[in-house]
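> Got a structure here, written out as structure tokens. Questions coming.
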Amino acid sequence: MLKLLSPSSPAASPFLRALGSITGFTRRNPNLGRRAFLCSDAKNGDGVVEIEFKGLGNEAEAESKSSSSSAIIPTNLNPEDYIKVLALPLPHRPLFPGFYMPIYVKDPKLLAALQESRNRQVPYAGAFLVKDEPGTDPCSETENNIPDLKGKELFDRLHEVGTLAQISSIQGDQVVLIGHRRLRITEMVDEDPVTVKVDHLKDKPYDKDDDVIKATSYEVISTLRDVLETSVLWRDHAQTYTQHISDFNFTRIADFGAAISGANKLQCQKVLEEIDVHDRLKLTLELVKKEIEISKIQASLMKKMEEKILSEQRRKLLNEQLKAIKKELGLEADDRTALCEKFRERLEPNREKFPPNVLQVIEEELSKMQLLDASSSEFNITRNYLDWLISLPWGNYSDENFDVLRAQKVLDEDHYGLTEVKERILEFIAVGKLRGMSEGKIICLAGPPGVGKTSIGRSIAHALNRNFFRFSVGGLTDAAEIKGHRRTYVGAMPGKMVQCLKTVGTANPLVLIDEIDKLGRGHAGHPASALLELLDAEQNANFLDHYLDVPIDLSKVLFVCTANVVHMIPTPLLDRMEVVSIAGYVTDDKIHIAREYLEKTTREACGIEPEQVEVTDAALLALIENYCREAGVRNLQQHIERIYRKIALQLVRQGAANEPAVGDKIQSLSDEPAVVEVADSDEHVVGSKVRRDTRNIPKSEATKTVEKVLVDSSNLPDFVGKPVFHAEHIYEQTPVGVVMGLAWTAMGGCPLYIETTQVEEAHGKGALQVTGQLGDVMRESAHIAHTVARSILLDKEPDNTFFADSKLHLHIPAGAIPKDGPSAGCTMITSMLSLAMKKPVNKDLAMTGEVTLTGRILPIGGVKEKTIAARRGGVKTIIFPSANKRDYEELTPNVKEGLDVHFVDDYSQIFNLAFGDHEN
Ligand code: ADP
């Protein structure tokens with residue numbers, strides 16, 4: 001493309017006159033030196049060359065030899081003489097008469113020939129557009145391979161019609177051409193450099209007054225005028241061109257239009273080849289019309305861009321002003337912005353992990369915050385809300401451990417026994433490993449207090465490599481504790497679960513919900529239904545906290561609930577849990593737990609070395625049997641702690657008592673290195689000093705120091721006080737009317753005496769009074785028992801009218817504890833019968849089971865707990881309903897060991913076992 005810049009003196013031409021009013025260039029002194037800048041992309045697109053403008057040769061000028069400058073073109077030369085010319089290949093566009101074009105000539109021979117012809121004062125050559133290689137894209141650059149073309153090959157690629165070009169200047173390999181007139185190649189006369197014979201083409205004669213031609217040319221002019229209005233580039237072309245052309249005829253208008261249009265080379269070549277002036281005008285008109293469309297698009301694009309830039313700048317400016325104004329008014333806009341930036345800083349590192357809906361809410365809240373007054377309450381609400389939203393661990397999971405062996409090791413390290421729980425966890429890990437991912441689950445650990453429900457929860461989390469969070473729902477009455485309050489409430493807070501996620505910082509923690517059986521009942525929303533939403537696998541992938549107001553995914557959370565009694569858990573909740581019962585420990589288990597776990601941890605906690613203390617087996621057994629009989633081991637742990645605290649005190653006292661002696665020694669034997677070592681030692685100070693003392697102090701004193709504390713059954717009361725349980729059981733031999741039953745409470749199983757006595761003779765008005773904080777079920781049970789006992793007695797001793805003639809009182813001791821449940825029926829019958837027959841039941845016998853009016857025995861719950869309790873109570877023989885045989889058989893051998901267990905279907909079997917002669 002060609003671009004002429006810098007207007008010089010205008011010439012008086014019709015075109016100029018036509019355009020003058022638009023271009024508005026200034027008239028200058030026409031005699032000033034003409035200088036033109038010529039900018040072309042002929043070679044590299046951005047080369048700008050400055051050349052001295054010597055004279056724009058044109059056909060008319062050349063022919064009339066009236067050029068204003070004839071320094072280069074000899075006036076006596078007629079271009080018509082140039083029949084043989086050098087052929088210059090033009091890569092991009094044809095050269096139009098009247099236009100400049102710089103080209104780069106790479107062929108040294110051609111360059112030399114051009115130079116030579118200039119030297120010979122015949123500076124003319126033929127410039128021909130090169131055809132594209134067949135099959136190439138017409139728009140692509142062909143220039144690269146032009147220098148390679150030579151001789152015939154080049155000749156074949158030249159368009160037939162070209163332009164006679166004056167060689168205006170040669171600088172290095174850059175040659176500036178000025179177009180003059182049209183040529184047509186007739187033949188090649190030389191190959192290197194290509195020299196051709198040419199015909200000089202003349203336009204077809206035309207009638208200058210022809211209306212159609214005039215009209216077409218006017219249309220071209222008016223279109224050009226329109227274009228000039230929008231395009232600065234064109235305006236410059238027009239100005240420069242018109243300055244040099246005196247006769248602005250139709251031919252020139254056509255050439256001008258085509259040359260400066262952005263049309264491609266083939267379209268331009270077509271205009272060049274057209275020798276019919278009218279047709280040429282028509283072709284040009286088409287090109288410039290297209291150009292105006294392009295310039296319109298360009299203008300609208302430019303407008304849009306300008307608008308965009310303007311509006312952006314305006315916004316920026318206004319924002320700056322707003323900031324300044326707010327600052328001026330003390331609205332602390334800067335604080336707010338800083339706060340927003342802080343939120344963004346916290347948000348940025350994890351942005352991809354946030355769900356899109358949460359991000360959207362955050363963005364909305366951030367922009368809302370910008371508008372709020374920093375002292376308003378709403379501002380604080382928004383800030384807290386944002387803080388919660390951003391601090392939750394969206395999509396942040398801890399790497400789970402799927403190594404079963406490691407998990408087993410961790411679980412065994414922390415807890416003795418509890419096989420069922422451990423197995424369940426290992427199964428969970430195994431499933432996770434096979435699936436490659438783990439699911440959330442709800443496990444419910446049910447059992448009496450102190451059996452390790454909470455602590456195993458913690459070690460499960462450790463085994464799975466999940467974070468641990470525990471909250472208790474015992475006595476919880478407000479559903480908002482779980483679901484959160486709406487943000488509009490004053491002091492609103494999210495629920496426990498959201499707090500948990502924030503605290504643990506991962507989205508897959510293990511959450512221990514303690515005491516789920518003690519869930520309260522609220523007036524505002526039932527907490528159980530809120531918990532249900534939390535625990536239900538169907539719902540909790542989209543758990544909606546009232547405060548947070550965006551759903552959170554809890555499906556990866558592992559929930560472990562703990563409860564003392566399963567039947568107190570609301571049924572819909574229980575439905576979604578896997579219950580694992582932990583029944584409690586027998587003495588044997590407790591010894592293991594105490595030896596392997598409790599002693600170790602307590603010793604470490606008290607800072608006592610293993611060799612400093614010895615608790616004998618007998619002491620431990622006595623501790624368990626006489627002090628800590630309950631199902632769990634918490635009490636045992638407390639007792640062990642008490643023992644170790646006392647030991648620690650003894651050791652320290654002893655050490656302190658001996659300290660002055662050590663000091664004396666240091667003074668008197670200050671040169672003894674062994675003593676200095678003692679003074680320096682600060683680790684296990686007590687122990688080392690005590691030991692060292694025994695070496696350095698006289699023998700009589702050494703015998704008094706404590707090297708090792710021995711805890712035996714004999715000195716156990718010194719550490720833990722008098723035993724709580726004296727005898728194995730209250731009665732050595734149960735008296736008449738007293739029978740041991742087995743109960744199952746939230747604390748585990750427990751032996752329970754049922755006593756009946758006669759209040760007075762009633763002579764045919766037998767009655768029953770019941771005490772001992774019994775519930776309705778047990779009261780009914782007692783009345784059934786009364787009836788059944790009466791019918792059995794009638795059967796066994798038809799003459800005995802005891803029941804008909806006596807008012808009875810049945811009592812179950814430990815009256816402060818409310819009792820209820822259907823399992824004491826057979827015990828009550830036995831107690832009443834024992835009284836009626838005045839016969840004590842066999843020794844060391846305990847029984848459990850409910851009886852129907854016909855004497856059938858109904859199954860009971862908690863076989864394991866009851867068995868453990870019976871063992872603790874020193875029972876040797878237990879009677880269970882037959883239906884419970886399977887439960888019993890599943891117990892571990894150490895629980896069953898040494899027990900004589902009978903399974904019965906009917907009361908008559910119990911009668912035989914209780915009152916038969918075969919025992920004792
Ligand atoms: P729970 O939650 O069932 O009331 P905890 O989990 O608080 O009971 O347990 C009380 C204490 O007893 C804990 O220190 C625990 O480590 C210990 N403990 C319970 N069972 C075992 C066991 N099987 N092995 C080792 N320690 C146990």
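> Of the residues that sit in the stretch 585-596 and are surrounded by 19 or more Cβ atoms within 10 Å (Cβ to Cβ) and more than 18 Å from Thr867 (Cβ to Cβ), which one is farthest from the ligand (Cβ to nearest atom)?
Among those residues, the one meeting the criterion is Ala594.
> All but one of (1) farther than 30 Å from Ala743 by Cβ; (2) within 10 Å of the ligand (Cβ to nearest atom); (3) small (Gly, Ala, Ser) hold for Ala492; which doesn't?
In the conditions (1) farther than 30 Å from Ala743 by Cβ; (2) within 10 Å of the ligand (Cβ to nearest atom); (3) small (Gly, Ala, Ser), Ala492 misses (2) alone.
> For the stretch 471-487, indicate whether the set of residues that are closer than 27 Å to Arg634 by Cβ, small (Gly, Ala, Ser) and within 15 Å of the ligand (Cβ to nearest atom) is non-empty.
Yes: one or more hits.
> Still on this structure, please answer the following. Need pairs with beta-carbon distance below 8 Å; first residue without any contact (Cβ under 8 Å) to a residue 40 or more places away in the chain and within the stretch 305-331, second assigned to a helix (DSSP H, G or I); sequence gap 6+ or separate chains.
Leu322/Ala333; Lys323/Ala333; Lys323/Asp334; Lys323/Thr337; Lys326/Ala333; Lys327/Ala333; Lys327/Asp334
> Also, I was wondering about something else. For the stretch 742-856, give me every one of the strands (runs of 3 or more DSSP E) that falls completely inside it and has 3 or more residues that are under 26 Å from Ile582 (Cα atoms).
By residue number, 748-761, 845-847.
> May I ask you to say which residue of Arg235, Arg181 is closer than 25 Å to His92 by Cβ and modelled with pLDDT under 80?
Criteria check complete, one pass: Arg235.
> Now for a separate question. Being of a type in the set (D, E, K, R) and outside any loop (DSSP other than H, G, I, E, B) is the requirement here; does Arg93 meet it?
no
> Another one. Out of Ile325, Ile275, which single residue is modelled with pLDDT under 85 and surrounded by fewer than 17 Cβ atoms within 10 Å (Cβ to Cβ)?
Ile325
To keep it simple, each residue is scored yes or no on (1) in contact with a strand residue (DSSP E or B) (Cβ under 7 Å, 6 or more places away or on another chain); (2) farther than 22 Å from Ala541 by Cβ; (3) touching a residue at least 60 places away in the same chain (Cβ under 8 Å).
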position: His462; (1), (2), (3): no, yes, no
position: Arg466; (1), (2), (3): yes, no, yes
position: Phe471; (1), (2), (3): yes, no, no
position: Gly474; (1), (2), (3): yes, yes, no
position: Val511; (1), (2), (3): yes, no, no
position: Glu515; (1), (2), (3): yes, yes, no
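> Still on this structure, please answer the following. What helices (runs of 4 or more DSSP H), lying completely within the stretch 362-470, carry at least 1 residues that are within 16 Å of the ligand (Cβ to nearest atom) and either of a type in the set (Ser, Thr, Tyr) or surrounded by 18 or more Cβ atoms within 10 Å (Cβ to Cβ) (or both)?
404-414, 419-435, 453-464
> Could you please find all residues in the stretch 609-652 being within 12 Å of the ligand (Cβ to nearest atom) and either more than 47 Å from the chain's Cα centre (by Cα) or of a type in the set (Lys, Arg) (or both)?
Matches in the stretch 609-652: Cys628, Arg634.
The values are calculated or read from the model by the stated rules, or taken from the named source; none is laboratory data. Keep in mind the model is a prediction, meaning the values are calculated, not measured. Neighbour counts run over all protein chains shown; Cβ positions are idealised from the backbone, glycine included.
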